[in-house]
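This report concerns only the one structure given below.
Derivation of every value follows stated rules applied to the coordinates shown; laboratory data play no part. Every value quoted in this text rests on a predicted model; they were computed, and no experiment measured them. We place every Cβ from the backbone using ideal geometry, glycine too, and count neighbours over all the protein chains shown.
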Amino acid sequence: MTIDNKLKILFGTASVLLLCTLIIKLNYVPGGMILSGLFLGGMMLVGILMGCVVLASILKLIFKFTSFLTLYSIATTISLLIFHYQLYSPTLKIIVQNDYVGEINLVRSNVEQNILMIDSNGVGYLNEWTFKKTYTKPIVEQVNGKRLDTELVGYNPSAFWARVKSCCLHGRNIESMSFKILPENSLVGEGYDTKVLIELVDEKLVIFSNSN
């Protein structure tokens, strides 16, 4: 078997596996106003696959003794790996006080290590990278180890986290990601008063954004 054929099989298999796992992952990616994450991501995948045809055609002019399919497989593998990274979301493990009920806010902050032990006001802190990358539903446990799953309420069916800007502290916004914890066996949608976040955060930890 020639090196070209070996590369074709290796990168062809890798690109197919990456494509399949991306399609699965897109089911959990937040969508737009009315379009699902799967639909929007699917459009991106089509664009990537078509773009790689053009890229492989250009590479064929340079690597004349390498087959088009091999170059296409290599291009799609690299492109899909990059797309995988862009879609990566850490699954946060959040610890709350026993019997805590209400809103959880994770604030965009300057901390190096995320502070996921939520205080009595329902506030934790995320570093910049985690704040930008996170969209998956977290694991939430009480201090006593009890796991909360059915009590968690997200923003809407297509996006678990609500992205919130609280105005204003010194003329600047506080950005946070939030969801709700309802009492056990309560009805979904049962509400509570939303906190005024600017009164609850540690100003020294917050990365503020300009108020528009």
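For this structure, a couple of remarks:
- About the Cα centre, charge dipole magnitude for the chain (Lys/Arg +1, Asp/Glu -1 at Cβ), debye: 1120
- Note on the chain: antiparallel DSSP beta bridges, both residues inside, total approximately 70 percent of the bridges counted.
- Cα centroid of region 97-173 to Cα centroid of region 1-70, whole Å: 35
- Kirkwood-based shape ratio for region 3-87, expressed as Rg/Rh from alpha carbons: 1.06
- By the Cβ rule of 4.7 Å, the chain holds the following cysteines without a possible disulfide partner: Cys20, Cys52.
- Lysine pairs with alpha-carbon atoms under 21 Å apart, the chain, spacing 8 or more or separate chains: 27
- For the chain, convex hull volume per residue from C-alpha positions, Å³: 174
- Beta bridges per DSSP with both ends in region 53-158, % antiparallel, nearest 5: 25
- Here the sum of -39500 (n - 2.57) over DSSP H runs of 4 or more residues, divided by the residues of the chain, equals -12000 deg cm²/dmol at 222 nm, to the nearest 500.
- Over region 3-87, relative contact order from alpha-carbon pairs under 8 Å, at least 6 apart, %: 42
- Each Cα pair under 8 Å and six or more residues apart adds its sequence gap; the mean of these over the residue count of region 93-210 is a relative contact order of 30 percent.
- Relative contact order, percent, the chain [alpha-carbon distance under 8 Å, six or more residues apart]: 19
- Here the calculated FRET efficiency for Trp129 and Ile78, from their Cβ-Cβ distance with R0 = 22 Å, stands at 0.45, rounded to the nearest 0.05.
- Segment Lys146-Glu112, length gained on full extension (0.36 nm per residue, minus Cα span): 9.5 nm
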